[in-house]
1. Among 64, 88, 74, pick out the residue whose Cα is farthest towards the positive end of the charge dipole of the range 53-101, where Lys and Arg carry +1 and Asp and Glu carry -1 on C-beta, about the Cα centre.
2. What distance in nm separates the simple spin-label points at residue 74 and residue 1, each placed 7 Å from Cα in the Cβ direction?
3. Please report the projected area of the range 53-101's Cα convex hull averaged over all directions, in nm².
4. Check which residues have an amide H placed less than 5 Å from residue 92's amide H, if you skip close sequence neighbours.
5. Pull up all non-local amide H partners of residue 18: gap of 5 or more, or a different chain, and H-to-H distance under 5 Å with H placed in the peptide plane.
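Every number here is computed from the coordinates shown, using simple stated rules; none is lab data. All values derive from a computational prediction rather than experimental measurement. Here the Cβ positions follow ideal geometry from the backbone for every residue, glycine too, while neighbour counts run over all protein chains shown.
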Amino acid sequence: MEFCEKCGGIIKVEGDKAACASCGVKAKKRPKIEASEKINQQEKIEVIKEGSDNVYPLIAIECLKCGHKRGYFWTTQTRASDEPETKFFKCEKCKYTWRKYR
Ligand SMILES: [Zn+2]
């Protein structure tokens, strides 16, 4: 907990703003290294997500939603050999994703 330099009141933190709860004086918030690291991690994840479409092969499949004739195709990794494999399809045009059990 932090205290106001002026009146000794408790510093209230809201988002990235910090101010004294009793006199209203704005306080400097200590930079948090943890927070900035988290943001960097999120950015990294999004970059991977964006490029993931290119990994899947495009096949001739009719979209259940818009009727487009091409879509991306991939399957889930099976945990057990007797478990049915799930096929995933994603429309190239409208990005609608659906799955099919074998
Ligand atoms: Zn579609």
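1. Selected residue: 64.
2. Result: 4.8 nm between the two label points.
3. Details: hull surface 13.9 nm².
The directionally averaged projection comes out at 3.5 nm².
4. So residue 92 has HN proximity to 70, 71, 72.
5. Those qualifying (amide H under 5 Å, at least 5 residues apart or on another chain) are 27.
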